[in-house]
Amino acid sequence: HPLWASLRRAIPSQAGWEVFERDAALAGAAHTLVWMAATRPLMEHQWAIRDSSKPHSIGGLETVFGEVIRRLGDRRFVFRNRARLELVFDLMALDMARLATERRFREIIRDALLANGGRPQRPRRALDDHGSSSLYDAVREVEARLAHRRAQNVKAQRAHQARRAAAGQPRTRTPSRRPRQPRVSSP
């Protein structure tokens, strides 16, 4: 249908969405127009917080994460050391990229030992947390960064709403995805 091409251009930008609205109106697509009216508040929210310099989807990573979780299995609950876990992830990444072979590992280990006079580059105990959990510290760091990003999103949304109010456009709410249940009055 000709509207499919217009829809693909509509999702990332408000200008594309408005072209799609005009195309749907010209095509007489009544159901599409009803859907668009219900979806518009959600789209306006997305346009307000969307950063064009960053990815908009993690779909490509879901397969990789699923495979990593499958490989870790129940052991994923016992990792407490960030440096060791990163080494495990590096090995998994090499294997999933089909670069992990015994010969390649031998070469890497031999080159590293020869470059350091036959000794490992870091002592074995260098991976020890010395009484704490580096992984938990890393989780707290990520949570702090996410809190900052959430605050940025709230600020962007408020600025968007202020621009809409200044333009005389009413504030709209994102529709709930759940169908509303009719209220039953009790006797």
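The values are calculated or read from the model by the stated rules, or taken from the named source; none is laboratory data. All of these numbers come straight from a predicted model, not from anything done at the bench. Note: ideal-geometry Cβ built from the backbone for every residue, glycine included; neighbour counts use all protein chains shown. Heads up: the accessible areas ignore ligands, DNA and RNA and are worked out on the full protein's heavy atoms, side chains in. Shrake-Rupley method; radii C 1.70, N 1.55, O 1.52, S 1.80 Å.
Extension gain for residue 37-residue 87 works out to 13.0 nm (0.36 nm per residue, less the C-alpha to C-alpha distance).
Between residue 141 and residue 54, what length comes free when the chain is fully extended (0.36 nm per residue of separation minus the Cα-Cα distance, one decimal in nm)?
On the way: separation 87, 0.36 × 87 = 31.32 nm, distance 2.06 nm.
Taking 0.36 nm per residue and subtracting the Cα distance, the gain is 29.3 nm.
Label-to-label distance for residue 15 and residue 106 is 6.0 nm, based on points extended 7 Å past Cα in the beta-carbon direction. Per residue, the accessible area of segment 63-123 comes to 84 Å² when a 1.4 Å probe rolls over the protein heavy atoms. For the modelled label position 7 Å from the Cα of residue 169 along Cα-to-Cβ, which residues of segment 1-36 have backbone nitrogen atoms closer than 16 Å? The answer is 10-22, 36, whose backbone nitrogens lie closer than 16 Å to the label point. Centre-to-centre separation between the Cα atoms of segment 1-70 and those of segment 74-121: 41 Å. Ranked by the mean number of other Cβ atoms within 10 Å of their residues, highest first, the peptides 13-24, 45-56 come out as 13-24, 45-56.
A Förster distance of 45 Å, applied to the separation of the beta-carbon atoms of residue 157 and residue 78, puts the FRET efficiency at 0.65.
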